[in-house]
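The values are calculated or read from the model by the stated rules, or taken from the named source; none is laboratory data. What you are looking at is a predicted structure, and each value in this text was computed from that prediction instead of being measured. Here the Cβ is made from the backbone with ideal geometry for all residues, glycine too, and neighbour counts use every protein chain on show. Keep in mind that these areas ignore ligands, DNA and RNA; they rest on the heavy atoms of the full protein, side chains included. Shrake-Rupley method; radii C 1.70, N 1.55, O 1.52, S 1.80 Å.
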Amino acid sequence: MAEWKELSSKAKNLTLAGIGKARDLGESAKLSLDNVSEEENKKRIYAEIGKRFVAAHPEAPEGYVELYAQLEQADAKISANKARISELKDED
C-alpha cells in the first residue's frame, strides 16, 4: 500500500512540475510577444524622429548626405510608381 501512496505522490509532483513548466512557457511566450510589440513601437518612434529631423533640416547636414540621397531616390520611385498606377487606371 505504501508503494501506491509513493507512486501517487510522484505522479502529483510530476503533474505540478508540468503545470509550472507550462505556466513558465506561457509567460515566456507572452513576454516574447510583448518584446516584438515594443520593437515595432521603437521602429515607429524612430521613423517619426527621422521625419521630424528631415523636416527641420531640409538640407542634408554633414554625415547625412547619402541618407538624404536615398530618401530622394525613394521619393522619385514612389512618384514614378504612382504615375504608372494612374496611367493603368486611366487605361481601363
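Based on protein heavy atoms only, region 43-89 ends up with 90 Å² per residue of surface accessible to a 1.4 Å probe. Considering only ARG44, ARG23, ARG52, the mean-square fluctuation computed in a Gaussian network model of the chain, springs between alpha carbons under 10 angstrom, is largest for ARG23. So for the chain, if I pair up every lysine 8 or more residues apart or on another chain, how many of those pairs have alpha-carbons under 17 Å apart? So the count works out to 5. What is the angle, in °, between the Cα long axis of helix 2-56 and the longest principal axis of the Cα atoms in the chain? Nearest 10 is fine, range 0 to 90. That works out to roughly 10 degrees.
Rounded to the nearest 0.05, the FRET efficiency derived from the C-beta distance between ARG52 and ALA22 at R0 = 35 Å is 0.15. One decimal place: the segment LYS77-ASP92 gains 3.1 nm when fully extended, by the rule 0.36 nm per residue minus the C-alpha distance. The C-alpha atoms of the chain define a longest principal axis, and helix 65-91 lies at about 80 degrees to it.
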